[in-house]
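Below: the structure, in structure tokens.
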Amino acid sequence: MNILILGSGGREHAIAHKISLSPKTEKLFAAPGNAGTANIATNVEVGVNDFEGIKALVLKENIDLVVVGPEDPLVKGIHDFFLNDVELNNIPVIGPQKAAAELEGSKEFAKEFMMRHDIPTAAYQSFTSDNLEEGYDFLETLNPPYVLKADGLAAGKGVLILQDLEEAKSELKAMLIDSKFGEASATVVIEEFLDGIELSCFVLTDGSNYKILPTAKDYKRIGEGDTGLNTGGMGAISPVPFADEILMRKIERQIVKPTVEGLKKDNLPYVGFIFIGLIKVGDEPKVIEYNVRMGDPETEVVIPRLKSDLLEVLVAMSKGTLDQINLEIDERAATTVMAVSGGYPEAYEKGKQISGIEAIDDSFVFHAGTKIKDGNVVTNGGRVIAITSFGNDFKEALQKSYQNIEKLHFDGMYYRKDLGFDL
Ligand code: AMP
Ligand code: GLY
């Protein structure tokens, strides 16, 4: 089969790597890809939201399956674009249609979905510029900290957690009236603060059947001890040590099953990955958010632990036969540590030459923000390279990731040295 993967991050490199190992894979393409995917696939300079460009590529290269990495093209309706095109509608796309992608595209939609299907989540109300005063009143009924969420996609920046009531009110106004996050904050969801420890659960579904992938925990803050600004993710660990069988049973019964059944009841076709952000409050799991894709860098620890042929699994999803698949999971722990550009997640420079990749042994090197320039691998993003390792437990795996990341070098390179500190 000929496969096209859309995206250019560590997630897409990890997925491409696994698909490249399948005996069923003939040709593999990444659009636009990075310097890592270039080693195992053909990179094509087409953007993930350039639907016409993607169509031309799919027809030219006789693509049999498209795997969508990031949320943006899903929320913009790439799956629907394929279904509505006579030349493309028999080519399976992994990723939900636009209507279901609203689970990530709109926080309000996701909250209403959870209410409708009795899925545990934080209490909330949503507001627009028409009822700002009611928003202030609602804030006054809550205890700090106050959680304000822009309804739409805001590149991971749309959630504010504030200690002070007056600050919460002025931020609410900034979001609703002054368009702090543009169109994304035209509606704001105000939520009850949940105090607990976070983990993520990844689900594969064909719309009726589902399979649960290994859990993972990512480290979002730039600074050690979970301090400083939020990033896309500085590293991840799988499995999550505290996700024992009892918690997993609750997650499946109270969250995963009603989610997949709810999609079906609401007539929201879904072939793809569901990434459920969870928080364990006491002994109870609650949903913080849905994403309609895999996580990054969680993919870099979850997918390497999958022993089954990923391409076979994806084909089964596209055919509605996921129930016939038996997922085999590596029992070992996997960790990934992300090397990032100096200054990230604020302004940073690109184009720094990367050295030391070939010295890394016994770990996976997943490229995130890299490209090839004049024959050299150079930085091309905030998150640059993820080093993934296996171990008998996460500590052993982390040790290997840290030993190897020390061999990498580029100007301004930074990584967190304290992953797993909270476990
Ligand atoms: P989200 O974009 O919805 O994942 O939110 C970003 C981060 O904000 C989450 O990973 C949590 O750490 C935090 N967060 C979101 N909602 C809540 C909540 N209701 N209570 C506590 N923390 C939250
Ligand atoms: N690592 C969090 C995300 O992919 O959204």
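The values are calculated or read from the model by the stated rules, or taken from the named source; none is laboratory data. As the structure is a computational prediction, the values presented were derived from the model and not from experiment. As a convention, Cβ positions derive from the backbone with ideal geometry for all residues, glycine included, and neighbour counts pool all protein chains shown.
Side notes on the structure shown:
- Some residue of segment 35-51 being surrounded by fewer than 22 Cβ atoms within 10 Å (Cβ to Cβ) and of a type in the set (Gly, Ala, Ser): yes
- Taking the conditions (1) in contact with a strand residue (DSSP E or B) (Cβ under 8 Å, 6 or more places away or on another chain); (2) away from ligand 2 (no atom under 16 Å from the Cβ); (3) at pLDDT 95 or above in turn, Glu284 satisfies each one other than (1).
- Those helices (runs of 4 or more DSSP H) of segment 75-133 in which 1 or more residues are closer than 29 Å to Val315 by Cα and among the β-branched types (Val, Ile, Thr) occupy 78-83.
- Residue in segment 241-292 that is nearest to ligand 1 (Cβ to nearest atom), counting only those that are within 27 Å of Glu396 (Cα to Cα) and of a type in the set (Gly, Ala, Ser): Gly277
- Residue in segment 395-411 that is of a type in the set (Phe, Trp, Tyr), under 22 Å from the mean Cα position of the chain (by Cα) and buried (at least 18 other Cβ atoms within 10 Å of the Cβ) present: no
Residue-wise test of (1) farther than 23 Å from Lys395 by Cα; (2) within 16 Å of ligand 2 (Cβ to nearest atom); (3) in contact with a Phe, Trp or Tyr (Cβ under 8 Å, 6 or more places away or on another chain); (4) not basic (Lys, Arg).
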| position | (1), (2), (3), (4) |
| --- | --- |
| Leu314 | yes, no, no, yes |
| Gly351 | yes, no, no, yes |
| Ser355 | yes, no, yes, yes |
| Phe364 | no, no, no, yes |
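- Apart from one condition, Asp178 fits all of (1) under 22 Å from the mean Cα position of the chain (by Cα); (2) in a loop (DSSP other than H, G, I, E, B); the exception is (1).
- Glu198 of a type in the set (Asp, Glu), modelled with pLDDT under 95 and within 16 Å of ligand 2 (Cβ to nearest atom): yes
- Within segment 140-170, the set of residues being assigned to a helix (DSSP H, G or I), surrounded by fewer than 20 Cβ atoms within 10 Å (Cβ to Cβ) and within 16 Å of ligand 1 (Cβ to nearest atom) comprises Thr141 only.
- Qualifying position, being crowded, with 21+ Cβ neighbours inside 10 Å, in contact (Cβ under 8 Å) with a residue 24 or more places away in the chain and touching a helix residue (DSSP H, G or I) at 6+ places or on another chain (Cβ under 9 Å), among Thr187, Thr205: Thr205
- Pick from segment 190-202, criterion under 20 Å from Ala333 (Cα atoms) and surrounded by fewer than 19 Cβ atoms within 10 Å (Cβ to Cβ), ranking: farthest from the chain's Cα centre (by Cα): Ile197
- Considering segment 258-317, and only residues there that are of a type in the set (Gly, Ala, Ser) and assigned to a helix (DSSP H, G or I), the residue that is surrounded by the fewest Cβ atoms within 10 Å (Cβ to Cβ) turns out to be Gly262.
- Out of Lys180, Lys211, sole residue that is farther than 26 Å from Pro120 by Cα, in contact with a helix residue (DSSP H, G or I) (Cβ under 9 Å, 6 or more places away or on another chain) and more than 16 Å from ligand 2 (Cβ to nearest atom): Lys180
- With respect to the conditions (1) out of contact with any helix residue (DSSP H, G or I) (no Cβ under 9 Å at 6 or more places or on another chain); (2) not in a strand (DSSP E or B), Val378 falls short on a single one, namely (2).
- Condition check for Glu108: away from ligand 2 (no atom under 16 Å from the Cβ), surrounded by 18 or more Cβ atoms within 10 Å (Cβ to Cβ) and under 19 Å from Glu183 (Cα atoms): yes
- Gly343 of a type outside the set (D, E, K, R) and surrounded by fewer than 20 Cβ atoms within 10 Å (Cβ to Cβ): yes
- Hits in segment 118-143 - residues which are over 25 Å from Lys286 (Cβ atoms) and β-branched (Val, Ile, Thr): Thr128
- Selection within segment 412-423: residues that are surrounded by fewer than 16 Cβ atoms within 10 Å (Cβ to Cβ) and at pLDDT 95 or above. The member of this set that is farthest from Gly343 (Cα to Cα) is Asp418.
- Looking across segment 9-42, the residues that are hydrophobic (A, V, I, L, M, F, W, C) and within 21 Å of the chain's Cα centre (by Cα) come down to Ala14, Ile15, Ala16, Ile19, Phe29, Ala30, Ala31, Ala35.
- Extreme residue, farthest from ligand 1 (Cβ to nearest atom), among residues of segment 215-239 that are crowded, with 23+ Cβ neighbours inside 10 Å and among the aliphatic types (A, V, I, L, M): Ile237
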